[in-house]
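Trainee: Please find one structure pasted underneath; my questions will follow.
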Amino acid sequence: MNLGFTSKILGVSRQESEAILKLLFDHMTSQEYLVRYSWEAGDLGFWDNRTTMHYAVMDYGDAHRVIQRVTLKGDEPV
């Protein structure tokens, strides 16, 4: 679930859906759950998209950035 892809909750009114989603999005993006990483040459970032919301900040200017995504098959997160 994220603000860019989640638009409504089925089975509730539009007003209720918007209120619930605002509450969830505000909670997910509160400072206590954010991680900001300062990248250095040779670093590798790895996270589990099943349980993590990723948002890349476009603050690297003209620096070269390589992104490679991998999907692993495995157990559902607990």
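Trainee: Mind giving me the nanometre distance, one decimal, between the label points for residue 6 and residue 25, set 7 Å out from Cα along Cα→Cβ?
Mentor: Between residue 6 and residue 25, the simple spin-label model gives 1.0 nm.
Trainee: Over the residues of the chain, compute the C-alpha Rg and express it relative to 2.2 N^0.38 Å.
Mentor: Working: Rg = 16.3 Å, N = 78, 2.2 N^0.38 = 11.5 Å.
Normalised Cα radius of gyration, the chain: 1.41.
Trainee: What does the accessible area per residue of the chain come to in Å², with a 1.4 Å probe and no ligands, DNA or RNA counted? Before the final figure, lay out each step's value.
Mentor: On the way: 7900 Å² over 78 residues.
Per-residue accessible area for the chain comes out at 101 Å².
Trainee: Using only the alpha-carbon atoms, what does the stretch 24-64 span along each of its principal axes? Please give whole angstrom values in decreasing order.
Mentor: Cα spread of the stretch 24-64 along its principal axes, largest to smallest: 34, 20, 14 Å.
Trainee: Using the Karplus equation 6.51 cos²θ - 1.76 cosθ + 1.60 (θ = phi - 60°), what ³J(HN,Hα) coupling, rounded to whole Hz, does each residue of the stretch 31-45 give in order, writing x for Gly and Pro?
Mentor: Running phi through 6.51 cos²θ - 1.76 cosθ + 1.60 with θ = phi - 60° gives 3, 5, 10, 8, 10, 10, 10, 9, 6, 10, 3, x, 5, 10, x Hz.
Trainee: Where Lys and Arg each count +1 and Asp and Glu each count -1, what net charge lies around residue 14 among other residues with Cβ under 14 Å from its Cβ?
Mentor: 0
Trainee: Can you list the HN-Hα couplings for the stretch 4-21, worked out from phi with the Karplus curve (6.51, -1.76, 1.60; θ = phi - 60°), rounded to whole Hz and with x for Gly and Pro?
Mentor: Those phi angles translate into x, 10, 9, 10, 6, 10, 5, x, 10, 5, 4, 5, 5, 4, 4, 5, 5, 5 Hz.
Trainee: Could you check how much of the accessible area of the chain is carbon and sulfur, as a whole percent, using a 1.4 Å probe?
Mentor: Details: 4330 of 7900 Å².
The nonpolar share, carbon plus sulfur, comes to 55 percent.
The values are calculated or read from the model by the stated rules, or taken from the named source; none is laboratory data. Predicted model, so just to flag it, every value in this text is computed and none were measured. Methodologically, a virtual Cβ is constructed for each residue, glycine included, from the backbone with ideal geometry; neighbour enumeration extends over all protein chains shown. Calculation scope for accessible area: heavy atoms of the full protein, side chains included, ligands and nucleic acids excluded. Shrake-Rupley method; radii C 1.70, N 1.55, O 1.52, S 1.80 Å.
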